[in-house]
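Structure, as structure tokens:
The values are calculated or read from the model by the stated rules, or taken from the named source; none is laboratory data. These numbers were taken from a predicted model, which means no experiment stands behind them. A quick note on method: Cβ atoms are made from the backbone with ideal geometry, for glycine too, and the neighbour counts reach across all protein chains shown.
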Ligand SMILES: [Zn+2]
């Protein structure tokens, strides 16, 4: 079984003190630095006007200095399904994490049947740091640290689906590797929320729509502020060669506060006419998170910003689709979704900059897919792509096929 093959190697990391792993790098040739920022549900239709208006200066700067485009996603895309494809470059049926709930159980890392990229990098001596990345609970041993994201279970979030347990309230598995790092984070960052706030129920909203929307948006921003502080702490105190950070509030907001028109399915003026800027504002807020991360990035660092899918207003014919947003809303009156049967209706997005990456390059059509992220990262580190990976190295984004590797 594939899982056993890669978990055995990771046991070695579990046995090594973190400090020793850090020292092991000091005599070796410097490795490239890569920072991946994952955004759950980045909708280019909403982002483009914001870029034009100059409201996302940090993302604009990445676009000018790099390559960007749509990212072809899988069918009926949702977060765990696509993230596990990012991790393994294999199909959902191959890696096993086919959705939020698999065989009646909330998706978790023990279900992964293909080796994830953090394991491959760790085995090759690359230091790895991951925080708030979806579908990484319970955390797995790496050559560095891992703090879980979406699908972390805890108090008031027992099923782990689209809710926000505090770090101290996590149950049913570890949210932090190595375990000793948890106390350090509680002391220096605080008892931060993992993932993002649960969407309000129809009953919570009825008769209190404006108050419920405002309270929810305030909580979302509190969570984002805490996570920004966490990222800043990790990048300052625990720099790693490979770092993957995640954000998940954008998608959640889009599901019920997408700025739709009265002719769209599900329009309710008591909700959809109240805070029409709420969803675009999420991306403006994300841009500030990106700015905080970019402060830690130098010209020799690769920055890859990826989204697992977009999100679009509901369509009338989707009401009879058995996949229709079943995992997400419970009773929240959703007005937008992403698990359309045709994933090309809601492509993700991809932005890349770094040494040897072309400037101001737009990838046309579906030149890049969610399968290509892991092979491209392995390529940057000079690690051969394993046979099971279905994606390809995005060689078109590099100035030459033998891309320049960061000189430190
Ligand atoms: Zn969603």
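Can you find a residue in region 378-388 that is modelled with pLDDT of 90 or more, buried (at least 17 other Cβ atoms within 10 Å of the Cβ) and under 19 Å from the mean Cα position of the chain (by Cα)? The answer is yes, given that some residue of region 378-388 is modelled with pLDDT of 90 or more, buried (at least 17 other Cβ atoms within 10 Å of the Cβ) and under 19 Å from the mean Cα position of the chain (by Cα).
Here is a check on your reading of the model: is residue 282 within 15 Å of the ligand (Cβ to nearest atom), buried (at least 22 other Cβ atoms within 10 Å of the Cβ) and part of a helix (DSSP H, G or I)? Quick ask: steps written out before the conclusion?
Details: within 15 Å of the ligand (Cβ to nearest atom): yes; buried (at least 22 other Cβ atoms within 10 Å of the Cβ): yes; part of a helix (DSSP H, G or I): yes.
Yes: the conditions hold for residue 282.
Looking across region 13-64, the residues that are at pLDDT 95 or above, away from the ligand (no atom under 16 Å from the Cβ) and out of contact with any strand residue (DSSP E or B) (no Cβ under 9 Å at 6 or more places or on another chain) come down to 48, 49, 50, 51, 52, 53, 54, 55, 56, 57, 58, 60.
Output the residue which, of all residues in region 245-279 that are in a loop (DSSP other than H, G, I, E, B) and within 13 Å of the ligand (Cβ to nearest atom), is surrounded by the most Cβ atoms within 10 Å (Cβ to Cβ).
In the first step, residues of region 245-279 are kept if they are in a loop (DSSP other than H, G, I, E, B); the result is 248, 258-268, 273-277.
With within 13 Å of the ligand (Cβ to nearest atom) added as a condition, the list becomes 248, 258.
Details: 248: 27, 258: 24.
The qualifying residue surrounded by the most Cβ atoms within 10 Å (Cβ to Cβ) is 248.
Residue 297 passes every criterion in (1) modelled with pLDDT of 95 or more; (2) in a loop (DSSP other than H, G, I, E, B); (3) over 30 Å from residue 184 (Cα atoms) apart from (3).
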